[in-house]
Amino acid sequence: MDAETVEKAIAGQDAVISALGPTRPPVPHMMETSAKNIVAGMRKHGVRRLVSTTGAGVRQPEDQPKFIDHFIGFLLNLLAKDVVLDSAANVKVIRESDLDWTVVRYPRLMDGEHKGKYQVGYVSKSSGTQLSRADGADFVLKELTELKWLKKLPVASY
């Protein structure tokens with residue numbers, strides 16, 4: 001993501017939603033670079049609210065992963081280590097900013113209808129391994145204004 005293009009897109013906005021994900025083939029450091037450009041553009045234009053998304057494989061100290069979460073994490077680190085590292089670097093840039101941020105972590109996103117019945121918390125015995133894209137978008141839009149997870153990294157799942 002070109003810094004100038006990002007900065008122009010942010011001009012005049014009240015908030016930013018970033019739903020970037022890895023590309024195929026992978027672009028090295030794409031997520032980290034994008035986060036740096038977004039944060040810089042937001043600072044320049046005085047935009048404070050950022051809701052970003054990443055994978056549930058980006059672990060947090062509050063997480064209490066169950067066996068399947070450890071297994072999925074193992075597979076991700078084995079098969080897509082660069083993506084996991086870039087996603088973690090993306091989160092680090094956002095976390096270290098002075099913005100009013102929330103990073104929503106998703107498990108495997110699926111096509112499907114908006115049910116509006118998902119859970120939000122940390123990786124635990126009760127968190128699931130999938131979520132519809134529609135419900136993922138629903139949570140991002142709610143969190144944009146509700147600020148229930150300000151400066152936190154919740155997981156939304158079924």
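Only the coordinates and a few stated rules stand behind these numbers; no lab work does. Keep in mind that what you see is a predicted model, and the values were worked out from it rather than measured. FYI the Cβ positions are ideal-geometry reconstructions off the backbone, even for glycines, and counts take in every protein chain you see.
Based on other C-beta atoms within 10 Å, arrange Y158, Y122 from fewest to most.
Y158, Y122
Taking a ≥ b ≥ c as the square roots of the Cα gyration tensor eigenvalues, with a/c under 1.5 meaning rounded and otherwise prolate when a/b beats b/c, else oblate, which class fits region 33-158?
Numbers: a/c = 1.88, a/b = 1.28, b/c = 1.47.
Here region 33-158 falls in the oblate category.
Return S87, S34 ranked ascending by Cβ neighbour count within 10 Å, so the fewest neighbours appear first.
Working: S87 25, S34 21.
Lowest to highest Cβ neighbour count: S34, S87.
Compute the signed sum of charges (Lys and Arg +1, Asp and Glu -1) over the other residues within less than 13 Å, Cβ to Cβ, of D86. If you can, show how the numbers build up before the last one.
Values: positive: K36, K81, K92; negative: E32, D82.
Overall, the nearby charge balance is +1.
Given H placed 1.01 Å from N in the peptide plane, which residues other than close sequence neighbours of M110 have an amide H under 5 Å from its amide H?
L131, S132, R133
Pull up all non-local amide H partners of W101: gap of 5 or more, or a different chain, and H-to-H distance under 5 Å with H placed in the peptide plane.
So W101 has HN proximity to L50, K151.
Net charge around S97, counting only other residues with Cβ within less than 12 Å of its Cβ (Lys, Arg = +1; Asp, Glu = -1)?
With Lys, Arg at +1 and Asp, Glu at -1, the neighbours total +4.
Treating the beta-carbon of each Lys and Arg as +1 and of each Asp and Glu as -1, no other charges, what is the dipole magnitude of the chain about its Cα centre, to the nearest 20 debye?
Values: 22 positive and 19 negative charges, 63 e Å.
Taking the Cα centre of the chain as origin, the dipole is about 300 debye.
Counting other beta carbons within 10 Å of each residue's own, what order do T54, T33, T129 fall into, fewest first?
On the way: T54 25, T33 19, T129 14.
Going from least to most buried by this count: T129, T33, T54.
Select from A19, V103, T129 the residue farthest towards the positive end of the dipole of the chain; place +1 on Cβ of Lys and Arg, -1 on Cβ of Asp and Glu, and compute about the Cα centre.
T129
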